[in-house]
Amino acid sequence: MKFSGNINSKFPKMGTTIFSVMSALAKEHNAINLSQGFPEFQPHPLVIAAFEKAIKSGNHQYAPMPGLLSLREVIAEKVNDLYSLAVNPESEITITAGATQAIFTAITSLLKEKDEVIVFAPAYDSYTPAIELVGATPVYYSMVAPDFSIDWGKVAKLVSHKTKMIIINSPHNPSAKVFSQDDILQLEKIVKGTDIIILSDEVYEHIVFDEKKHLSVLKNKALADRSIAVFSFGKTYHTTGWKIGYVIAPENITAEYRKVHQYNVFSVSTSSQIAYADILKHQDLYLELSSFYQAKRDYFQAALKSTRFKLLPCEGTYFQLVSYNGISDLNDKEFAKWLTREKGVASIPISVFYPNHDEGKVIRFCFAKENETLKRAAEWLSKI
């Protein structure tokens, strides 16, 4: 079938996401897929047991639009324990169909045409399409490898009377950078006395290495009062396919958020919410996640030392950036495809996270895999 009329595309230049492209290429060439960011291993038995119990509970109809209150109450307890912030589970927490939907809803509910949004590049690829969809304009600050540091003086110069939102992401995908206390204080200084809302993508909150701490905007009172913070159960419990997340925001921001949320998805999986309300009571499952992934990072880094790739710093997330400078003259997109086809290891080119798609010779590997998979990948990469 084919529609014979004209289609007024909102994204005429947009194709399939690089994640789908690389995963498909990996499947086609039977390559080790270290591209798309999903864990290879199974969830903890307690997680599976909680979901099985929830499925058998008989609750199979719509959950309330904001999410089950029982889950929101446990989340509020967690936030108070970790970030010393009392949040109202009824009016300040909303359960979402994963973090990407949460981010999309936040942007579309809080921005209007001609608004400006400061985005730190490299940036997760869902931010810009949502911004452009509402007629707003992304204003980029480019962080540069290898340390991806931020000159907050330059960021301040990007702020104008049109700036309505700043999007931050820590631990940061794809750079693996973790915001410092100075970063948080500089951000607080920039937005003081403005109407700017902070959209804080914190889906990797429990994956931070080398005794660093995740500094949530919720832990800073001045920022918490103007922020909408996004979290993901999938990243924490190796359940990305369940597609459940949540947002925390002040009551007046949440009210605007829910106006769109109710017509976007209305509500999300009841059984999953029941399960997570039970799972969250086992604090060790998220408190031990950093050490679990640090062991993965260290194992993978040690294995990569036998290759010609140069490792960039990895402070958090389950992504390792490497430079292939000196290995090939190909741009990173072509190199990533060549690496998949010819050497059997799939990665993500970092340029796709930048607005001009032209940033350096760096690719990203996901190390949320079994050690045997990481070992095989390193062995294949060592033959380059």
>> For the range 89-116, give me each residue that is charged (D, E, K, R) and surrounded by fewer than 20 Cβ atoms within 10 Å (Cβ to Cβ).
In response: E90, K112, E113, K114, D115
> Can you tell me how many residues in the range 237-263 are among the hydroxyl-bearing types (S, T, Y), in a helix (DSSP H, G or I) and buried (at least 21 other Cβ atoms within 10 Å of the Cβ)?
Replying inline: 3
> Is there any pair with a first residue in the range 73-98 that is at positive phi and a second that is of a type outside the set (V, I, T) whose Cβ atoms are under 8 Å apart and which are 6 or more apart or on different chains, and what are they?
Replying inline: S84/K219; G98/S232; G98/G234; G98/K243; G98/G245
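Based on this model, can you work out whether Y83 counts as modelled with pLDDT of 95 or more, of a type in the set (F, W, Y), farther than 24 Å from V362 by Cβ and in the same structural domain as L218 (by TED's automatic domain parsing)? Working first, answer last.
Numbers: modelled with pLDDT of 95 or more: yes; of a type in the set (F, W, Y): yes; farther than 24 Å from V362 by Cβ: yes; in the same structural domain as L218 (by TED's automatic domain parsing): yes.
For Y83, the condition - modelled with pLDDT of 95 or more, of a type in the set (F, W, Y), farther than 24 Å from V362 by Cβ and in the same structural domain as L218 (by TED's automatic domain parsing) - is met.
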> Does the range 11-20 include one or more residues that are exposed (fewer than 11 other Cβ atoms within 10 Å of the Cβ), farther than 30 Å from A378 by Cα and either among the polar types (S, T, N, Q) or over 25 Å from the mean Cα position of the chain (by Cα) (or both)?
Replying inline: yes
> Filter the range 30-65 for residues that are within 14 Å of S271 (Cβ to Cβ) and in a loop (DSSP other than H, G, I, E, B); which is nearest to the chain's Cα centre (by Cα)?
Replying inline: A63
> How do the pairs read when you match residues in the range 149-178 that are outside the structural domain of E202 (by TED's automatic domain parsing) and over 20 Å from I207 (Cβ atoms) with residues anywhere that are buried (at least 16 other Cβ atoms within 10 Å of the Cβ) and modelled with pLDDT of 95 or more, using Cβ under 7 Å and keeping only pairs 6 or more apart or on different chains?
Replying inline: none
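Conditions tested, residue by residue: (1) under 30 Å from V345 (Cα atoms); (2) surrounded by 12 or more Cβ atoms within 10 Å (Cβ to Cβ).
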site: M1; (1), (2): no, no
site: S9; (1), (2): no, no
site: G37; (1), (2): yes, yes
site: K56; (1), (2): no, no
site: E77; (1), (2): no, yes
site: N80; (1), (2): no, yes
site: Y83; (1), (2): no, yes
site: V87; (1), (2): no, yes
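One residue is enough: does the range 30-53 have a residue meeting the conditions among the small types (G, A, S), more than 30 Å from A378 (Cα to Cα) and touching a residue at least 60 places away in the same chain (Cβ under 8 Å)?
Within the range 30-53, the subset among the small types (G, A, S) is 31, 35, 37, 49-50.
Applying the additional criterion that residues be more than 30 Å from A378 (Cα to Cα) yields 49-50.
Going one step further and asking which of them are touching a residue at least 60 places away in the same chain (Cβ under 8 Å), we end up with 50.
Checked against the condition, which is being among the small types (G, A, S), more than 30 Å from A378 (Cα to Cα) and touching a residue at least 60 places away in the same chain (Cβ under 8 Å), the range 30-53 yields at least one hit.
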> Conditions: (1) surrounded by fewer than 24 Cβ atoms within 10 Å (Cβ to Cβ); (2) in contact with a Lys or Arg (Cβ under 9 Å, 6 or more places away or on another chain). E188 meets all but one. Number of the miss?
Replying inline: (2)
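Condition first: part of a helix (DSSP H, G or I), surrounded by fewer than 18 Cβ atoms within 10 Å (Cβ to Cβ) and of a type outside the set (D, E, K, R). Can you find one or more residues in the range 283-290 that meet it? Working first, answer last.
Taking the range 283-290 and keeping what is part of a helix (DSSP H, G or I), we get 284-287, 289-290.
So of that shortlist, the ones also surrounded by fewer than 18 Cβ atoms within 10 Å (Cβ to Cβ) come out as 284, 287.
Next, from what is left, pick out any that are of a type outside the set (D, E, K, R): 287.
Within the range 283-290, one or more residues are part of a helix (DSSP H, G or I), surrounded by fewer than 18 Cβ atoms within 10 Å (Cβ to Cβ) and of a type outside the set (D, E, K, R).
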>> Cβ-Cβ distance below 7 Å, separation of 6 or more or different chains: which pairs start in the range 7-24 with a residue that is closer than 18 Å to A130 by Cα and end on one that is in a loop (DSSP other than H, G, I, E, B)?
In response: T17/D125; F19/S35; F19/Q36
> Can you name every residue in the range 284-301 that is closer than 16 Å to C314 by Cα and touching a helix residue (DSSP H, G or I) at 6+ places or on another chain (Cβ under 6 Å)?
Replying inline: Y299, F300
>> Out of the residues in the range 316-355 meeting the condition of being touching a residue at least 40 places away in the same chain (Cβ under 8 Å) and assigned to a loop (DSSP other than H, G, I, E, B), tell me which one is nearest to the chain's Cα centre (by Cα).
In response: T317
>> Quick check on the range 66-75. Is at least one of its residues modelled with pLDDT under 90 and in contact with a Leu (Cβ under 7 Å, 6 or more places away or on another chain)?
In response: no
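Residues that are closer than 26 Å to A368 by Cβ: which helices (runs of 4 or more DSSP H) entirely in the range 119-213 hold 1 or more of them?
127-133, 181-191
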>> If I ask for residues that are surrounded by fewer than 22 Cβ atoms within 10 Å (Cβ to Cβ) and either not assigned by TED's automatic domain parsing to the domain that holds V74 or not hydrophobic (A, V, I, L, M, F, W, C) (or both), which ones from the range 203-233 would you list?
In response: D210, E211, K212, K213, H214, K219, N220, K221, D225, R226
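The values are calculated or read from the model by the stated rules, or taken from the named source; none is laboratory data. Only a predicted model underlies this, so the values are computations on that prediction, with no experimental measurement involved. Cβ: placed from backbone, ideal geometry, glycine included. Neighbour counts: every protein chain shown.
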